[in-house]
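Here's the structure we're looking at; comments come further down.
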Amino acid sequence: MKRFIKIIIAAIVLFSSLSCSIVKKSEASSRTITVTGRGVAEAEPDKASVVVSVVTQEWVAKTAADRNSEIMTRVRDALVASGVNANDITTTNYSIYRQESWDGGRQSVGRYRVRNGINIVVHNTALVSDVIDTAISAGASELTSLTFTVTVTDDTALVREARMLAVRQAQETASLLAGAAGCKIGEAITIIEKSDAGDVSTRYYDAPAAMSAKIATPISSGKIEVSSTVTITYALQ
């Protein structure tokens, strides 16, 4: 009987020791550090999208539409003759509406306004200025937008580079802080990432001023910036 009691007591002591060890290990593994890192990658744009519009106004809708069609055909032909691929010219919008205004509670009906916009993809950013000047000289009324981008392959590479830089910065920060506290970082427990392609470069162009000056349009593409921000939680050893 005494021997049986001793065995039970030994088992209780052993279990208590194991429980204590498990709790300590759990407490140790719960020590973490959370840091944030940011990486930025840049590249020269290699493609541009130019959106130009032809706007006409007449008292008769068909007259406005016919006049618009005539000018837009001239613009398209001039662009193709300058070397732009016809497949790189697409319609972005086309609208016809009658202008109205109110004065002293009275409605005034104006002329019909026709707008035809086209997007021109330029695969050589050095030619953007020539494309704009060609379109305006041929009769385009407005430059609606100008956007510089990079190819899909290059964009993917930029995102990858930005992510790597962000993770590296986060890891360096975690190691520095942990070292200052007398610890070391262990494995990454969680990683949260957010990528940002950044703002595209957009510039507006004054068509009337350019036509009167009759000089080449100065265009600067700048750089495309992609950023990545990561928040990583590391275990502390």
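On full extension, the segment bounded by T233 and T173 gains 20.4 nm, given 0.36 nm per residue less the C-alpha separation.
Using a Förster distance of 22 angstrom, determine the FRET efficiency expected from the C-beta separation of R111 and R74, and round it to 0.05. Present the calculation step by step, with values, prior to reporting the outcome.
On the way: r = 22 Å, r/R0 = 0.98.
About 0.55, to the nearest 0.05.
A crude spin-label estimate for the pair V60 and K223, with each label 7 Å from Cα along the Cβ direction, gives 5.7 nm.
Length available on full extension from D88 to S129: 0.36 nm per residue minus the Cα-Cα distance, which gives 13.1 nm.
Using 0.36 nm per residue of separation minus the Cα-Cα distance, give me the extension gain between T34 and E100 in nm, one decimal.
Working: separation 66, 0.36 × 66 = 23.76 nm, distance 5.96 nm.
Result: 17.8 nm gained on full extension.
Each reported figure results from applying straightforward, stated rules to the coordinates on display, with no laboratory input. These numbers come from a predicted model, not from an experiment. Please note: Cβ atoms are built from the backbone with ideal geometry, for glycine as well, and neighbour counts cover all protein chains shown.
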